[in-house]
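A.B. asks: Provided herewith is a single structure, encoded as structure tokens, for subsequent inquiry.
The values are calculated or read from the model by the stated rules, or taken from the named source; none is laboratory data. As the structure is a computational prediction, the values presented were derived from the model and not from experiment. Every residue, glycine among them, receives a Cβ derived from its backbone with ideal geometry; neighbour counts consider all protein chains shown.
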């Protein structure tokens, strides 16, 4: 008989979660791999959450592609906004310094 790696409670081979502590027993099936977990991670990590999207065994292939497209679009938008912000700061600095750049 198998036992839970976290709490040591006996588990069956067909169990996806420990019945005592709730630990996911199969990779790609925990909270971070659910829709809610991926959305929360995407808010914090942005496109760096993509590996969890593709490792997940809970999310359908169509949803994985949708998450990928959305996260990449948001990442590209963020880079473009940062670049324009950099250019405007550079212009403002050159005006303040009298064209020193």
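A.B. asks: For region 49-72, enumerate the residues that are under 12 Å from the mean Cα position of the chain (by Cα) and not in a helix (DSSP H, G or I). First the steps, then the outcome.
C.D. replies: Step one: of region 49-72, the residues under 12 Å from the mean Cα position of the chain (by Cα) are 49-56, 64, 67-68, 70-72.
Passing the criteria: only 56.
A.B. asks: Run down 75, 46 and say which single residue is on the phi > 0 side of the Ramachandran plot, surrounded by 12 or more Cβ atoms within 10 Å (Cβ to Cβ) and under 17 Å from the mean Cα position of the chain (by Cα).
C.D. replies: Working: 75 fails: on the phi > 0 side of the Ramachandran plot.
Going through 75, 46 in turn, the sole match is 46.
A.B. asks: Ok, one more. So, of the residues in region 1-43 that are within 18 Å of the chain's Cα centre (by Cα), loosely packed, with under 11 Cβ neighbours inside 10 Å and at pLDDT 80 or above, which turns out to be farthest from residue 78 (Cα to Cα)? Walk me through how you get there before you give the answer.
C.D. replies: Our first condition is that a residue be within 18 Å of the chain's Cα centre (by Cα); within region 1-43, this holds for 27-43.
Okay, now just the ones that are also loosely packed, with under 11 Cβ neighbours inside 10 Å, so 27, 36, 43.
Of the ones still in play, those that are also at pLDDT 80 or above are 36, 43.
Values: 36: 22, 43: 13 Å.
Here the residue is 36.
A.B. asks: Can residue 13 be described as part of a loop (DSSP other than H, G, I, E, B) and within 19 Å of residue 61 (Cα to Cα)?
C.D. replies: Working: part of a loop (DSSP other than H, G, I, E, B): yes; within 19 Å of residue 61 (Cα to Cα): no.
No; evaluated as a whole, the condition is false for this residue.
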